[in-house]
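The values are calculated or read from the model by the stated rules, or taken from the named source; none is laboratory data. Bear in mind that the values here come from a model prediction, so they are computed numbers and not experimental data. Cβ atoms come from the backbone with ideal geometry, glycine included; neighbour counts cover every protein chain shown. Just so you know, the surface numbers come from the protein's heavy atoms only, side chains and all, with ligands and any DNA or RNA stripped out. Shrake-Rupley method; radii C 1.70, N 1.55, O 1.52, S 1.80 Å.
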Amino acid sequence: MSIADYIESKAQRKQREIKYEIWKVKNHDSRMRAQGALVGALAGVAAGLFLAPKSGKDLRKDIKDSVDNTVNQVKDSTNDLIENAKDSYVDFKDRAYTELEPIEEGFEEGKKVLKDTVEKTKANAKENAKDVKEEAKKLKEDAKDVKDAAKDGAKEAKKDIKEGKEEVKDVADDTKKKAGEVKRAEDKKNK
């Protein structure tokens, strides 16, 4: 997760918190108004009944009007609550869509990146396998050349040793002859 993604997620979370607080305040006000209207209407009806110096017919008409007013106020408050609930639902639905869409796009992008990476890795592995095979073939050829060169060198060394051995033998024979001649010459001198 990059820093930009982190900052964006924090900003989105803060926006959700603000929207929730606004929704809470709206609903709290609506509930309080509905409760206040209901309690006020009931208190007004009760006060009207007990304190009214009217005839029964007028009193029943006033009670009916009060009840109708109370019902209308309750209907209005209920309609406000329903409208707020609908708005909240729409906001929630929009928020869910706008927040889930980037996640879905992220998954799709992640799949694509993973697929590309796998394909590149396969291609690299094939290419590396070819290179390794070629290098192994070259090493095998080089090893054969070294083997042949060593074999030829050993043959030449054997030949050189044989020639050297013969030379040493000839020199030893010549030295032996000369030593014999020197000994005879000394023996002759001493006699």
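Quick check for you: with a 1.4 Å probe and neighbouring chains kept, what is the accessible area per residue of the chain, in Å²?
Heavy-atom SASA per residue in the chain reads 89 Å².
Over the chain, what is the mean sequence separation of C-alpha contacts under 8 Å (at least six apart), divided by residue count, expressed as relative contact order in percent?
18
Can you work out D for region 54-188 in µm² s⁻¹ from Stokes-Einstein, where Rh is the Kirkwood radius over C-alpha pairs, the temperature is 37 °C and the viscosity is 0.692 mPa s?
Using the Kirkwood radius from Cα pairs, D works out to 118 µm²/s.
Over the chain, with every protein chain in place, what whole percent of the accessible area is carbon and sulfur at 1.4 Å, could you tell me?
58
With each run of n ≥ 4 DSSP H residues scored as -39500 (n - 2.57), what mean residue ellipticity at 222 nm is computed for the chain after dividing by its residue count and rounding to the nearest 500 deg cm²/dmol?
The helix contribution divided over the chain gives -37000 deg cm²/dmol.
Once the piece of chain linking Val113 and Ala185 is laid out straight, how much longer is it, given 0.36 nm per residue of separation minus the C-alpha distance between them?
Using 0.36 nm per residue and subtracting the Cα-Cα distance, I get 15.7 nm.
Cα centroids of region 120-134 and region 139-191: how far apart, whole angstrom?
Centre-to-centre distance over Cα atoms comes out at 55 Å.
What lysines could a cross-link reach from Lys61, if we take a straight Cα to Cα line under 27 Å and drop same-chain neighbours fewer than 8 places away?
Answer for Lys61, where 27 Å is the Cα cut-off: Lys75, listed by chain and number.
Taking N as the number of residues in region 105-156, what value does Rg over Cα atoms divided by 2.2 N^0.38 Å take?
Region 105-156 yields a ratio of 2.25.
How far is it, in nm, from the label point at Gln15 to the one at Asp170 when both lie 7 Å from their Cα along the line to the Cβ?
Output for this residue pair reads 10.5 nm.
Within straight cross-link reach of Lys126, meaning Cα distance under 29 Å, which lysines are found once same-chain residues fewer than 8 apart are removed?
The qualifying lysines are Lys111, Lys112, Lys115, Lys137, Lys138, Lys140, Lys144.
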